[in-house]
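Visitor: Dropping a structure here in structure tokens format, bear with me for questions.
Every number here is computed from the coordinates shown, using simple stated rules; none is lab data. Note that the coordinates shown come from a computational prediction; the quantities given were computed from them, not determined experimentally. Neighbour counts are summed over all protein chains in view; Cβ atoms, including those assigned to glycine, are modelled from backbone coordinates with ideal geometry.
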Amino acid sequence: MDFGNIQLHIIPDGSFMTDGGTAFGIIPKVLWSKLVEPDDLNRIKLAVNCLLVQTKRKNILIDAGLGDKYSAKQRQIWGIEKETDTISSLASLGLKPEDIDIVLLTHLHFDHAGGATRYQSSGRVVPTFPNAVYYIQSQEWEDANHPNERTQATYLAENFLPLKKAGQLKLITGHYHVSRGISTWVTGGHTSSHQMVRIQSKGNKALFLADIMPSTAHIHPAYVPAFDLFPLTVMDVRKRLTQRVLAQDWLVIFQHDPQVTFARFKEEGERICAIPVVGEGGEKPQ
């Protein structure tokens, strides 16, 4: 998608399955199953889409996806499927891992930071993008390095400790200007320092939602996954961001929706809906 003076590219890294009840928290199945159909194990499919922002000077990757450091058992448990991966998706654009200048991680859960590192043939774990600076919220870093019983299964040290060892880690605090037109928006909610990413160019505005609103089925404030550590914060942020997006006609980018990536919000009665779009300046339904 051409977006002002920059380009936005969805970078797919496969998908995984998660329990449908967990994905919608206190909402009963009779309601959420109208939005997404579960499989025989009551699981729903979540896409893993990263975003490449190309400016005139930099290649900025937002989140790094699942990666490939999983055993056969882990792949089975999480239902990981890799129709493509981050490296192949970048290669289709003529880019190598060495071409990425910045990796901006919204948080350090396995489906967002797993691809930040990779195995060498020797078995050593190293940063996937050798020339990139990895931006991470300082509180997120602390939480990931000191997980509790609830979070330890998704904060996997091999996904982020090698970044510090390689000298490629940059810890940031709060809303942060990363590059011209690219800044973070700390929301909390999903984790204590979860962040979205704001993108602006020539009057165009976009918001990479990450896990504060993982799919179009999560627009309603009450449809909060059980994964979210601070559900009331998630509800409050969703209310505020949807009104802001509507008022200013921002483009929104869904990370985990299997069908919709780029969209705009529209009010339909008392509901807010996501209208899929492709391209700027001549938007068409997907």
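Visitor: May I ask which residue of 151, 182, 203 lies farthest towards the positive end of the charge dipole of segment 144-205, with charges of +1 (Lys, Arg) and -1 (Asp, Glu) on Cβ and the Cα centre as origin?
Guide: In segment 144-205, that residue is 203.
Visitor: Return 173, 187, 216 ranked ascending by Cβ neighbour count within 10 Å, so the fewest neighbours appear first.
Guide: Neighbour counts put them in this order, fewest first: 173, 216, 187.
Visitor: Related question: Rounded, prolate or oblate, given the Cα gyration tensor of the chain, with a/c below 1.5 counting as rounded?
Guide: Taking the square roots of the gyration eigenvalues as a ≥ b ≥ c, the chain is rounded.
Visitor: Which value, in debye to the nearest 20, gives the size of the charge dipole of the chain about its Cα centre, when Lys and Arg are +1 and Asp and Glu are -1 at the Cβ?
Guide: In total the dipole reaches around 600 debye.
Visitor: Between residue 124 and residue 19, what length comes free when the chain is fully extended (0.36 nm per residue of separation minus the Cα-Cα distance, one decimal in nm)?
Guide: 34.5 nm
Visitor: With each label point set 7 Å from Cα along the Cα-Cβ vector, what nm distance links residue 248 and residue 7?
Guide: 2.6
Visitor: Still on this structure, please answer the following. Roughly how many nanometres apart are two label points built 7 Å out from the Cα toward the Cβ at residue 259 and residue 273?
Guide: 1.2
Visitor: Can I ask one more? Where in segment 159-199 is the amide nitrogen less than 14 Å from a point lying 7 Å along the Cα-to-Cβ axis of residue 142?
Guide: Hits in segment 159-199 for residue 142 at 14 Å: 171-174, 192-194.
Visitor: In whole angstrom, note down how far apart the Cα centers of segment 61-103 and segment 136-215 are.
Guide: Segment 61-103 and segment 136-215 have Cα centres spaced 18 Å from each other.
Visitor: At a 10 Å Cβ-Cβ cut-off, how would you order 95, 163, 46, fewest neighbours first?
Guide: Ordered by Cβ neighbours within 10 Å, fewest first: 95, 46, 163.
Visitor: Under 17 Å Cα-Cα from residue 34, which lysines qualify once same-chain neighbours fewer than 8 residues away are excluded?
Guide: 45
Visitor: Antiparallel versus total DSSP beta bridges in segment 2-276: what percent is that, nearest 5?
Guide: Antiparallel bridges: around 75 percent, rounded to the nearest 5.
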